[in-house]
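The values are calculated or read from the model by the stated rules, or taken from the named source; none is laboratory data. Since this is a predicted model, take the numbers as computed values, not measurements. Don't worry about glycine lacking a Cβ; one is built from the backbone with ideal geometry, like all the others, and counts go over all protein chains shown.
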Amino acid sequence: MSNTHDNHDASGHHEEHAHHEENFVSKYIFSMDHKMIAKQFLITGIIMGTIGMLMSLVFRLQLAYPDTKFAFFESILGHWGKDGKLDPNFYLALITIHGTIMVFYVLTAGLSGTFSNLLIPLQVGARDMASPFMNMLSYWFFFISSIVLLCSLFVEGGPASAGWTVYPPLSALPKAIPGSGAGMTLWLVAMVLFIVSALLGGINYITTVLNMRTKGMKMTRMPLTIWAFLITAVLGLLSFPVLLGGSLLLVFDRSFGTSFYLNEIVAELAGGIERTGGSPVLFQHLFWFLGHPEVYIILLPALGITSEVIATNSRKPIFGYRAMIISILAIAFLSFIVWGHHMFMTGMNPFLGSVFMLGTLIIAVPSAVKTFNYLATLWKGNIKLTPAMLFAIGLVSFFISGGLTGIYLGNAALDINLHDTYFVVAHFHLVMGSAAIFGMMSGIYHWYPKMFGTMMSKSLGYIHFWLTFISAYCVFFPMHFMGLAGVPRRYYANTAYDQFNVFIDMNQFITIAAILGGIAQLVFLFNFFYSIRNGKRSPKNPWESNTLEWTAPVEHLHGNWPGEIPHVYRWPYDYSKPGEESDFIPQNIPDESQNGDPMVEPKAPAVPHHTEAPPMQAQVKEVVMFAGLKRLFGFAG
Amino acid sequence: MANTTTLEAEKKLTWGGGKSPFTVSYGKLMMWIFLLSDAFSFSSLLVTYGFIRFTFPASGANEIVKPLSHTAENFVEAMREAHLFSPEHWPLPELVFNHFPFLHGLHLPLFFVSLMTFVLIFSSVTMVLAVEAGHRNAKKEVAFYMLLTIFGGIAFLSCQAWEWTQFITEGASLHGNPFGPTAFAALFFIVTGFHGFHVLSGVVLNFIIYVNVLDGTYERRGHYEMVEKVGLYWHFVDLVWVFVFTFFYLI
Amino acid sequence: MEHTEHLEHTESPADIKKQIWRTFWILSFLTVIDIVLYFALLSYHSMWKNTLFILLGVVKAFYIVAVFMHMKFERKALAGIIILPFMLVLILIWLVLIEGGYTFDLR
């Protein structure tokens with residue numbers, strides 16, 4: 001690519017030209033450029049994330065110091081914090097809105113919205129999304145949805161308080177609890193807007209990936225990020241409509257007197273209502289048909305980002321590229337047939353319990369494939385510990401420690417003990433909360449130069465990582481023990497029960513760790529916003545990465561590449577290729593054997609030969625491993 | 001042997017990027033994907049219908065009223081007395097949807113809804129004829145068939161409005177009905193309502209496209225792909241009706 | 001693009017029209033069969049009757065998707081990405097109906 005320099009100049013000119021055409025509104029607000037929409041998603045997501053985190057700190061303080069009065073509660077929460085005591089109803093509202101914000105607004109829209117928008121066109125080699133207009137609508141629906149959700153904090157009765165899963169009857173009867181009134185209605189409105197946004201976005205992402213790849217970008221040459229975003233979009237597209245149907249029926253139950261989710265038990269408990277014939281479990285089926293794929297909607301983009309970041313910073317090809325793709329597909333498929341493992345304790349048909357348990361345990365297989373592939377990629381790599389890399393490794397760590405408890409929770413019998421305890425809270429906060437947040441952070445640190453053209457401070461990044469990593473483990477790891485002892489989640493004050501009094505110290509420890517984690521995010525926020533203007537100018541390819549987005553000029557232009565879109569000649573993981581001078585070969589560099597035809601596979605082996613370990617040694621290892629297994633089974637027998 | 005290699009080369013070209021692997025434009029692909037996702041929202045409603053119906057016992061067989069026979073003025077009460085209508089079990093659709101406009105007092109199960117089905121199938125045919133005319137860039141034919149399709153859609157909606165009116169005057173509402181469990185009428189209103197909403201938006205879309213056709217927008221553009229896209233949507237609405245028809249009226 | 005310019009262009013407009021009308025008659029015929037069966041089996045209730053009606057519905061759906069929605073003439077891959085994901089709904093239907101039956105048993 002000798003003409004890169006010329007292109008660069010041309011791009012500068014182009015940019016200047018573009019400035020004359022675009023005014024502030026069309027450039028920063030109603031932008032149709034995917035890079036700007038990505039930034040809008042990210043910043044909205046960060047704001048929502050901050051709100052969600054602050055909420056968690058408020059209820060963590062309540063859990064750690066149930067008898068202490070905090071004067072500032074009254075000043076910031078008004079009558080919800082009268083005399084410095086958190087109102088129990090508002091506690092429920094806080095956990096509900098914290099869950100909703102984190103699951104949907106931060107980790108769905110903020111994560112996959114940001115990076116799908118930023119990376120799909122850039123990494124597949126497209127000028128923009130298939131439909132930039134729908135892309136803009138997708139952001140604005142998301143934005144309005146966020147506003148509606150935040151407005152629900154200020155209505156009478158407070159925001160929705162039925163938990164982020166909004167199970168009926170709490171959500172179906174407006175008089176059930178204070179939050180079931182206007183707050184719940186606004187929650188549903190926000191969710192419908194959110195679903196519309198997710199669908200508009202998802203349709204766009206899928207179409208762009210399938211239809212608009214540049215020449216030579218075969219499906220098997222796509223970076224794993226794109227595979228992850230594609231499958232994420234498919235998951236969202238297929239599961240969100242089911243929630244739409246479920247919420248529609250919920251709206252009718254709430255406001256028009258139907259009884260899809262109400263049966264005689266509920267009617268009797270509520271008293272004075274003649275509404276029977278439905279079943280609250282039905283809502284749970286519809287909700288979790290979305291809800292479980294949603295977990296992977298959150299996790300898969302994070303895993304995709306991690307694949308890319310780990311390969312780049314290990315200077316090694318990703319281990320098992322095809323196995324990674326197959327495991328993404330397997331996870332996606334399995335995620336649709338396991339929703340009932342959230343419902344073992346609802347009185348669901350025990351036969352279904354066994355079906356769902358089987359599927360759930362099978363998910364461990366593709367997840368383990370991914371984990372071991374990450375470890376194998378790191379193995380003997382020339383590792384560069386950038387902040388992005390640290391966060392990616394952190395994701396792997398959380399994915400393992402949270403995933404392992406998933407194997408316990410997937411068992412219907414064990415779930416009798418563990419359901420709705422802090423064990424579950426610990427499990428999903430590690431495996432999908434922390435892991436996905438770390439994936440998102442990894443993505444932010446890695447692609448920040450692509451988004452803003454400047455670099456974030458590395459040292460602040462390290463501080464941010466270590467504080468967050470340590471505090472996340474300190475917060476969520478002790479919760480396992482509370483859960484095993486039977487401490488239920490969502491309770492306002494565990495000290496109301498004598499047997500849980502022993503955990504008060506642990507709760508205080510968790511809260512202190514959470515506050516530490518909150519302070520760590522201040523470091524990040526400062527780093528993020530300060531570096532936009534004052535960061536070091538970024539070179540074109542700061543991480544020496546192979547994917548196409550780094551061949552685009554640093555300055556953003558509408559259409560991404562000045563001149564022609566580069567063609568793709570190879571897979572994205574040609575790092576440390578034997579016999580090559582450079583330790584990375586971008587995808588747009590042709591191999592001699594291809595004669596300039598991007599459709600031909602390059603002749604040279606794509607994976608470097610590992611000659612360091614002689615075959616003898618490998619054999620010995622195997623023997624040792626089998627001996628170990630033998631001993632294990634001998635011991636067990 | 002040579003054949004397989006060319007085939008393989010072709011396959012590589014298909015997914016090799018630089019063009020659509022399906023040789024459809026992004027707009028059409030988007031419409032397909034949207035319809036896939038919309039099919040899931042209809043499925044969720046129909047699954048709800050199935051679930052709730054499964055939680056109720058089936059009705060006993062109807063040995064009293066024969067098709068084409070005259071029905072009494074107090075038909076619903078009579079059925080209640082005969083235990084064919086009861087909140088305890090799901091009613092027989094033949095006893096509920098047995099009216100036909102202008103033929104009051106006759107037991108005509110399924111006739112009216114069959115008529116509605118034909119109207120919708122016919123409007124699907126005119127739509128696909130409009131698409132076909134679009135391939136030949138025959139503006140007048142496209143406009144003619146689009147107009148027929150719009151009329152078909154309006155006719156269907158009118159039929160539905162009549163049926164809803166009939167149903168409501170007999171006492172059905174979202175929170176009660178004289179025929180059986182509350183959920184029976186509620187599900188009928190929500191599922192046919194959701195479908196009707198799709199038909200209505202289809203009619204609106206078709207009308208916009210029709211105006212554009214008359215305006216010559218697509219003639220200037222050189223192709224009538226927009227007609228194809230709304231056509232896909234319109235057929236999808238027809239497709240959903242096939243299942244609404246099966247589940248609500250036949251079974 | 002050359003070799004994939006829709007298959008339909010190999011057929012004359014008259015052929016396509018013929019096919020459209022043929023499909024119309026097939027759909028009408030199937031609907032008439034629905035109605036005839038409905039009256040013939042009016043007092044007969046069983047799972048088989050319902051299965052039969054659903055199968056007829058699926059056949060109708062096939063013709064609408066294949067001919068009216070043009071799926072027959074598109075690439076197989078497009079049919080694959082639309083129809084295979086839809087199969088997930090079958091799992092939803094299967095499991096939720098089992099649950100419905102179970103709820104019935106509990107009452």
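Within the range B:171-201, how many residues are surrounded by fewer than 22 Cβ atoms within 10 Å (Cβ to Cβ) and either free of Cβ contacts under 8 Å to residues at least 12 places away in the same chain or within 11 Å of chain A (Cβ to nearest Cβ) (or both)?
10
Right, A:L303: away from every other protein chain (no Cβ under 14 Å), over 27 Å from A:M441 (Cα atoms) and in a helix (DSSP H, G or I) or not?
On the way: away from every other protein chain (no Cβ under 14 Å): yes; over 27 Å from A:M441 (Cα atoms): no; in a helix (DSSP H, G or I): yes.
Against the criterion (away from every other protein chain (no Cβ under 14 Å), over 27 Å from A:M441 (Cα atoms) and in a helix (DSSP H, G or I)), A:L303 does not qualify.
Out of the range B:1-17, which residues are under 15 Å from A:K218 (Cβ atoms) and modelled with pLDDT under 80?
B:E8, B:A9, B:E10, B:K11, B:K12, B:L13
When only residues in the range C:94-107 that are more than 7 Å from chain B (Cβ to nearest Cβ) and aliphatic (A, V, I, L, M) count, which is nearest to B:S124 (Cα to Cα)?
Ranking the candidates gives C:L95 first.
Just need a number here: residues in the range A:192-226 that are farther than 30 Å from A:Y321 by Cα and within 14 Å of chain B (Cβ to nearest Cβ).
So the first thing to find is which residues in the range A:192-226 are farther than 30 Å from A:Y321 by Cα, and the list is A:192-197.
Right, trim to within 14 Å of chain B (Cβ to nearest Cβ) and you get A:192, A:195-197.
Qualifying residue count, the range A:192-226: 4.
Scan (1) over 15 Å from A:L303 (Cα atoms); (2) more than 17 Å from the chain's Cα centre (by Cα) for the single condition A:A368 breaks and write down its number.
(1)
Touching a residue at least 40 places away in the same chain (Cβ under 8 Å), more than 14 Å from chain B (Cβ to nearest Cβ) and touching a helix residue (DSSP H, G or I) at 6+ places or on another chain (Cβ under 9 Å): which single residue out of A:A160, A:A126, A:A130, A:A172 fits that description?
Within the list A:A160, A:A126, A:A130, A:A172, the selection yields A:A160.
Which one of B:F22, B:F56 is at the interface with chain C (Cβ under 10 Å from one of its Cβ atoms), in contact with a His (Cβ under 7 Å, 6 or more places away or on another chain), surrounded by 17 or more Cβ atoms within 10 Å (Cβ to Cβ) and at pLDDT 80 or above?
On the way: B:F22 fails: in contact with a His (Cβ under 7 Å, 6 or more places away or on another chain).
One residue alone meets the criteria, B:F56.
I'd like to check something: does the range B:204-219 contain any residue that is touching a helix residue (DSSP H, G or I) at 6+ places or on another chain (Cβ under 7 Å), of a type in the set (S, T, Y) and within 14 Å of chain C (Cβ to nearest Cβ)?
no
Can you tell me which residues in the range B:51-84 are over 26 Å from C:D105 (Cα atoms) and assigned to a loop (DSSP other than H, G, I, E, B)?
Across the range B:51-84, the qualifying residues are B:E63, B:I64, B:V65, B:K66, B:P67, B:L68, B:S69, B:T71, B:A72, B:E73, B:N74.
Evaluate the range B:12-19: report whether one residue or more is facing chain C (nearest Cβ under 10 Å) and closer than 21 Å to A:P132 by Cα. Can you show your working first?
Residues of the range B:12-19 facing chain C (nearest Cβ under 10 Å): B:13-15, B:19.
Still in the running and closer than 21 Å to A:P132 by Cα: B:19.
Yes - at least one qualifying residue is present in the range B:12-19.
If only one of A:P566, A:P590, A:P578, A:P598 is touching a Ser or Thr at 6+ places or on another chain (Cβ under 6 Å), in a loop (DSSP other than H, G, I, E, B) and either at pLDDT 80 or above or among the small types (G, A, S) (or both), which one is it?
So the residue among A:P566, A:P590, A:P578, A:P598 that is touching a Ser or Thr at 6+ places or on another chain (Cβ under 6 Å), in a loop (DSSP other than H, G, I, E, B) and either at pLDDT 80 or above or among the small types (G, A, S) (or both) is A:P566.
If you take the residues of the range A:455-507 that are at pLDDT 95 or above and of a type in the set (V, I, T), which of them is farthest from A:V523 (Cα to Cα)?
Here the answer is A:V475.
Only residues that are of a type in the set (A, V, I, L, M), under 23 Å from the mean Cα position of the chain (by Cα) and under 30 Å from B:K28 (Cα atoms): list them for the range B:74-133, please.
B:M116, B:V119, B:L120, B:I121, B:V125, B:M127, B:V128, B:L129, B:A130, B:V131
Pick from the range C:26-49 the residues that are within 15 Å of the chain's Cα centre (by Cα) and without any contact (Cβ under 8 Å) to a residue 12 or more places away in the chain: which of them is nearest to the other protein chains (Cβ to nearest Cβ)?
Looking at the filtered set, the residue picked out is C:S28.
Kindly evaluate C:V65 against the criterion of being at pLDDT 90 or above, facing chain B (nearest Cβ under 9 Å) and surrounded by 15 or more Cβ atoms within 10 Å (Cβ to Cβ).
Against the criterion (at pLDDT 90 or above, facing chain B (nearest Cβ under 9 Å) and surrounded by 15 or more Cβ atoms within 10 Å (Cβ to Cβ)), C:V65 qualifies.
Which pairs turn up if I take residues in the range B:123-150 that are over 20 Å from B:R221 (Cβ atoms) and look for partners that are assigned to a helix (DSSP H, G or I) and among the charged types (D, E, K, R) with beta carbon separation below 8 Å, at least 6 apart in sequence or on another chain?
Close Cβ pairs satisfying both conditions: B:S123/B:D238; B:S124/B:D238; B:L129/B:E141; B:L129/C:K17.
From C:I91, C:I81, grab the single residue that is out of contact with any helix residue (DSSP H, G or I) (no Cβ under 6 Å at 6 or more places or on another chain), surrounded by 14 or more Cβ atoms within 10 Å (Cβ to Cβ) and more than 7 Å from every other protein chain (Cβ to nearest Cβ).
Being out of contact with any helix residue (DSSP H, G or I) (no Cβ under 6 Å at 6 or more places or on another chain), surrounded by 14 or more Cβ atoms within 10 Å (Cβ to Cβ) and more than 7 Å from every other protein chain (Cβ to nearest Cβ) holds for just one of C:I91, C:I81, which is C:I81.
Just the residues that are over 15 Å from B:A161 (Cα atoms) and surrounded by fewer than 20 Cβ atoms within 10 Å (Cβ to Cβ), please, taken from the range B:108-121.
The answer is B:L108, B:F111, B:S114, B:F118.
Kindly check whether there is at least one residue in the range A:581-595 that is buried (at least 21 other Cβ atoms within 10 Å of the Cβ), among the charged types (D, E, K, R), out of contact with any helix residue (DSSP H, G or I) (no Cβ under 9 Å at 6 or more places or on another chain) and at negative phi.
No - not one qualifying residue is present in the range A:581-595.
Let me confirm something: among A:F476, A:F526, which residue is buried (at least 16 other Cβ atoms within 10 Å of the Cβ) and under 25 Å from the mean Cα position of the chain (by Cα)?
Sole residue among the options that is buried (at least 16 other Cβ atoms within 10 Å of the Cβ) and under 25 Å from the mean Cα position of the chain (by Cα): A:F476.
Could you grab me the full set of residues in the range B:96-115 that are within 11 Å of another protein chain (Cβ to nearest Cβ) and not in a loop (DSSP other than H, G, I, E, B)?
B:F111, B:V113, B:S114, B:L115
Being more than 9 Å from every other protein chain (Cβ to nearest Cβ) and of a type in the set (F, W, Y) is the filter here; which residues of the range A:227-251 pass it?
Of everything in the range A:227-251, those that are more than 9 Å from every other protein chain (Cβ to nearest Cβ) and of a type in the set (F, W, Y) turn out to be A:W227, A:F229.
For the range A:248-263, give me each residue that is part of a helix (DSSP H, G or I), crowded, with 24+ Cβ neighbours inside 10 Å and touching a residue at least 40 places away in the same chain (Cβ under 8 Å). Show your work before the answer.
Taking the range A:248-263 first, the residues part of a helix (DSSP H, G or I) are A:248-255.
Retained after the next criterion (residues that are crowded, with 24+ Cβ neighbours inside 10 Å): A:249-250, A:253.
Matches in the range A:248-263: A:L250, A:D253.
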